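In what follows, a structure is listed as structure tokens, so that the remarks can point back to it.
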Amino acid sequence: MLNRRSLLASSAASLPLFAAWPAMAQAKKDSVTLAMTLEPPGLDPTAGAASSIAEVVLYNVFETLTKINSDGSVSPLLAESWEVSSDLKTYTFRLRKDVKFQNGEPFNAAAVKFSFDRAAADKSTNKDKRTFANLSTKVADEHTVVLTNQEIDPDFLFMMGQATSIIVEPKSATTNASKPVGTGPYKLAAWAKGASVTLTAWPDYRSVQSIRIKRAVFRFIPDPAAQVAALLAGDVDAFPRVSPRSVPQFKANARFQVVVSNSRAKTILAINNARKPLSDIRVRRAIAAAIDRKAVIAGAADGYGVPIGSYYVPSAFGYVDTTGVNPFDLEKAKALMAEAGIKTPLTLTMTLPPAPYARQGGELIAAQLAKIGIQLKLQNVEWAQWLSGTYTNKNYDLTIISHVEPFDLGNFAKADYYWGYQSQEFNELFDKIKHTPRPADRARLLGDAQRLLAHDSVHGFLYTPQWVTVANKKLRGLWKDMPVFVNDLSALSWG
């Protein structure tokens with residue numbers, strides 16, 4: 001039997017062995033730093049149109065009935081299953097029973113009804129308010145909700161997975177912009193305005209054992225040179241939708257992986273149709289004819305884009321090629337300006353948000369339009385200024401912007417949308433699209449809608465971008481494609 005002295009000696013002798021254990025069995029890394037070009041104006045995706053909101057909170061803090069996957073398919077999330085009526089208008093969702101909100105309140109059918117009724121309310125600022133205004137939401141029992149749509153929408157289950165369809169907790173709904181409360185695997189830990197947002201894993205999440213990233217920091221880096229520097233220094237582990245100008249050096253560096261993703265985004269030279277002389281279709285057609293799309297793609301997107309002639313992308317159902325409706329033709333553009341009685345030089349202001357594709361594209365298009373006598377004053381603004389001045393107050397002539405929502409053709413039917421486009425013909429056509437059940441008929445009508453928008457030259461339709469993600473080679477779970485803007489932290493891990 002060992003005495004006290006021999007026991008202490010034995011313990012002391014064993015210390016070096018125990019001290020070596022942490023080095024031998026280090027825990028796998030469980031934190032990640034991601035970067036974004038734009039900082040979200042708030043953290044409530046039902047309160048604003050900025051896609052950067054969803055990049056932080058969708059599927060991380062807030063959840064939806066369905067979940068959109070990288071390939072565009074839809075799977076259950078807060079709804080474990082659903083049934084669709086024979087007329088394709090009524091959806092019965094069976095809700096998960098093991099869910100609660102991060103403030104301890106229960107998730108149930110009443111919360112779903114509250115969320116959707118709130119989205120449809122008169123004072124709603126939800127950018128998909130029209131979608132929810134067409135819904136009737138009924139509570140069948142605590143874990144069953146019935147949604148009846150006035151229209152036939154083949155994309156309805158996809159819509160239910162978008163950021164505008166998040167389920168919010170009634171007591172906390174009004175403060176979600178700064179203090180978000182959801183059902184997701186992460187909670188807001190800190191927001192250093194102008195610098196970063198930090199999320200940490202919520203220990204009471206229903207599947208917390210499957211969450212491998214415990215802490216995530218989103219850094220906001222708008223400058224392309226600073227983006228490259230942060231990645232090379234290892235300050236950032238992944239940069240989804242990074243400026244493509246930086247790609248070649250990362251492809252040649254074994255420390256990194258480069259993922260090129262397809263998208264449903266539409267990058268456009270948005271035109272304020274309500275302002276003279278832009279209200280004249282001949283002026284808008286002249287602008288379209290003066291733009292060399294291929295040169296814009298090469299200069300603003302570094303070749304990562306596909307030309308479009310209307311507000312629709314090649315991967316979308318019902319796509320027709322309209323790039324030949326308003327082709328690049330400087331002589332035609334000059335003739336249209338003369339026909340419209342425009343005395344040159346015509347001075348217009350182009351408002352540019354901070355995204356590199358907009359700033360770079362603005363300089364290119366300014367040079368192109370100068371050839372037909374249009375002099376552009378380039379006005380660089382911050383993202384919050386763009387949202388308030390351009391999007392909300394419609395105070396602009398031209399702007400360059402990527403609309404990333406997959407199913408937003410209906411924006412052209414909104415009387416008060418920031419584009420100022422008014423067309424009874426389009427409104428009637430879009431109404432038919434929303435009420436046509438047969439796919440072949442819908443495809444034909446969608447083609448008609450694309451041709452009408454191209455004919456009206458509502459905008460300078462530029463390209464659909466291909467998004468580039470540069471990341472540490474050991475980071476796993478990054479989305480291959482991006483049907484919606486999401487940074488799904490629950491899918492990430494370190495290899």
Review point. With +1 on each Lys and Arg Cβ and -1 on each Asp and Glu Cβ, how big is the dipole of the range 266-465 about its Cα centre, in debye rounded to the nearest 20?
Key: 240
**Study point:** Computed FRET value (nearest 0.05) for D98 with Q249, which takes r as the C-beta separation and R₀ as 51 Å
**Key:** 0.65
Point to revise | Listed residue (V236, F107, I433) projecting farthest to the positive dipole end of the chain, Cβ model | key: V236
Check your understanding: Going toward the positive end of the dipole of the chain, with +1 on Lys and Arg Cβ and -1 on Asp and Glu Cβ, which of F62, A471, T347 do you reach last?
Key -> A471
Revision key, fill the gap. Distance in nm between T323 and A190 label points, each 7 Å along Cα→Cβ, equals 4.7
**Study point:** Inter-part distance where the range 38-81 and the range 277-313 are each reduced to a Cα centre, Å
**Key:** 30
Practice item. Estimate the FRET efficiency between D416 and L232 by the formula 1/(1 + (r/R0)^6), using the beta-carbon distance for r and 35 Å for R0, to the nearest 0.05. Key: 0.20
Point to revise | Rough spin-label spacing in nm, given labels placed 7 Å along Cα→Cβ, for H403 and A173 | key: 2.7
Review point. Aspartates and glutamates near K377 by alpha-carbon distance under 12 Å, same-chain residues fewer than 8 away left out - which ones?
Key: E363, D397
Practice item. Compute the accessible area per residue over the chain, keeping the other protein chains in place, probe 1.4 Å, unit Å². Key: 43
Check your understanding: So which of K123/K414; K29/K251; K67/K480; K193/K473; K97/K214 end up more than 19 Å apart by C-alpha?
Key -> K29/K251; K193/K473; K97/K214
Exercise for review: Can you tell me the FRET efficiency between T148 and S207 if r is taken as the Cβ-Cβ distance and R0 is 22 Å, rounded to the nearest 0.05?
Suggested key: 0.10
Check your understanding: Mind listing the phi-derived Karplus ³J(HN,Hα) values for the range 61-72, rounded to whole Hz, using 6.51, -1.76 and 1.60 with θ = phi - 60°, and x for any glycine or proline?
Key -> 9, 9, 10, 10, 4, 10, 10, 7, 9, 4, 8, x
Review point. Placing +1 at every Lys and Arg Cβ and -1 at every Asp and Glu Cβ, with all other atoms neutral, what dipole size does the chain have around its Cα centre, in debye to the nearest 20?
Key: 1260
Review point. Can you give me the pair-distance distribution of the chain, C-alpha pairs, 10 Å bins, whole percents?
Key: 4, 18, 27, 24, 16, 6, 3, 2, 1, 0, 0
Review point. What full-extension length gain, to one decimal in nm, is calculated for Q424 and V84 as 0.36 nm per residue of separation minus the Cα-Cα distance?
Key: 119.2 nm
Check your understanding: With the dipole of the chain worked out from charges on the C-beta (+1 for Lys and Arg, -1 for Asp and Glu) around the Cα centre, which of A290, M482, Q450 lies farthest toward the positive end?
Key -> M482
Check your understanding: By its C-alpha gyration tensor, with a ≥ b ≥ c as the square roots of the eigenvalues, how is the range 53-127 shaped: rounded for a/c under 1.5, else prolate for a/b larger than b/c, else oblate?
Key -> rounded
**Study point:** Extension reserve of the H435-A140 stretch, reckoned as 0.36 nm per residue once the Cα distance is removed
**Key:** 103.6 nm
**Study point:** Fraction of accessible area attributable to carbon and sulfur, the chain (%, probe 1.4 Å)
**Key:** 53
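The values are calculated or read from the model by the stated rules, or taken from the named source; none is laboratory data. Please read these numbers as outputs of a predicted model, since none were measured by experiment. All Cβ positions, glycine included, derive from the backbone under ideal geometry; neighbour counts span all protein chains shown. Note: accessible area is taken over every heavy atom of the protein model, side chains too, but ligands, DNA and RNA are not part of it. Shrake-Rupley method; radii C 1.70, N 1.55, O 1.52, S 1.80 Å.
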